[in-house]
Amino acid sequence: MALVFRTVAQLAGMSFSLLGWVLSCLTNYLPQWKNLNLDLNEMENWTMGLWQACVIQEEVGTQCKDFDSFLALPAELRVSRILMFLSNGLGFLGLLVSGFGLDCLRLGERQRELKKRLLALGGVLLWTAGIAALVPVSWVAHMTVREFWDETIPEIVPRWEFGEALFIGWFAGFALLLGGCLLSWAACSTHAPLASGHCAAAETQYLHQHLEMRNTHPKI
């Protein structure tokens with residue numbers, strides 16, 4: 001039963017981690033971090049991401065323009081770029097390391113201690129990637145709420161609101177956290193037994209050695 005739970009935890013951890021990593025990469029490049037709806041012109045909407053700003057018009061369609069300067073961006077967007085890149089890199093590295101530590105992988109099955117360490121390291125990397133994804137998304141959301149309720153800004157000025165990318169980023173961060181925790185738990189649990197052929201050979205060798213010891217040391 002412990003083997004079943006361990007295997008399920010590994011597969012579920014890898015699935016959540018892979019899903020979270022794909023969504024975090026998508027969040028990094030989506031331009032819908034913040035949305036702006038103009039009351040005076042309902043046919044025109046603005047969106048802003050980490051890399052570009054877009055205007056959506058019914059007649060013209062979507063037109064996007066990349067940001068010209070990194071230093072000209074607000075602090076939350078500059079830091080968010082770095083953290084999202086860090087999250088994508090750590091997530092990829094965590095998936096790669098965890099893959100080599102899975103029990104279902106026949107490669108290096110005799111080196112169980114090494115596979116355990118790889119699985120635990122991969123879980124930590126994925127957990128860190130989830131934190132690195134949640135921080136920028138939550139920071140941008142906090143600044144959006146703060147500016148939305150800023151009383152110093154006249155009411156006639158349009159306010160930015162949450163975009164779809166923020167919700168995708170939150171889901172990606174929690175998926176990476178969950179996947180990393182499952183993999184770390186699986187690494188700390190009881191080791192899975194060797195393959196059936198290796199188990200049979202090990203048992204036969206143990207019985208043979210036991211019989212030799214009995215024959216060498218007969219009872220008095």
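Worth pointing out:
- Condition met for Asn37 (more than 17 Å from Ala141 (Cβ to Cβ) and touching a Pro at 6+ places or on another chain (Cβ under 8 Å)): yes
- Subset of region 60-87 that is in a strand (DSSP E or B) and on the phi < 0 side of the Ramachandran plot - its residue that is surrounded by the fewest Cβ atoms within 10 Å (Cβ to Cβ): Asp66
- Residues located in region 46-105, provided they are in contact (Cβ under 8 Å) with a residue 40 or more places away in the chain and polar (S, T, N, Q): Thr47, Ser80, Ser87, Asn88, Ser98
- Residues in region 122-170 that are assigned to a loop (DSSP other than H, G, I, E, B) and surrounded by fewer than 17 Cβ atoms within 10 Å (Cβ to Cβ): 11 in all.
- Identity of the residue in region 34-44, part of a loop (DSSP other than H, G, I, E, B) and hydrophobic (A, V, I, L, M, F, W, C), that ends up nearest to Ala132 (Cα to Cα): Leu38
Results for (1) open to solvent by 70 Å² or more (accessible area, probe 1.4 Å); (2) part of a helix (DSSP H, G or I); (3) closer than 25 Å to Leu121 by Cα, shown as yes or no for each residue.
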residue: Thr7; (1), (2), (3): no, yes, yes
residue: Met14; (1), (2), (3): no, yes, yes
residue: Asn28; (1), (2), (3): no, yes, yes
residue: Gln32; (1), (2), (3): no, no, no
residue: Trp46; (1), (2), (3): yes, no, no
residue: Leu50; (1), (2), (3): no, no, no
residue: Ala53; (1), (2), (3): no, no, no
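- If you check Leu119, Leu90 for being open to solvent by less than 40 Å² (accessible area, probe 1.4 Å), out of contact with any strand residue (DSSP E or B) (no Cβ under 8 Å at 6 or more places or on another chain), assigned to a helix (DSSP H, G or I) and modelled with pLDDT of 95 or more, only one passes: Leu90.
- Yes/no for Cys104 being over 16 Å from Gly179 (Cα atoms) and in contact with a Ser or Thr (Cβ under 8 Å, 6 or more places away or on another chain): yes
The values are calculated or read from the model by the stated rules, or taken from the named source; none is laboratory data. Computed from a predicted structure; not experimentally measured. Here the Cβ is made from the backbone with ideal geometry for all residues, glycine too, and neighbour counts use every protein chain on show. Heavy atoms of the whole protein, side chains included, go into the accessibility calculation; ligands, DNA and RNA do not. Shrake-Rupley method; radii C 1.70, N 1.55, O 1.52, S 1.80 Å.
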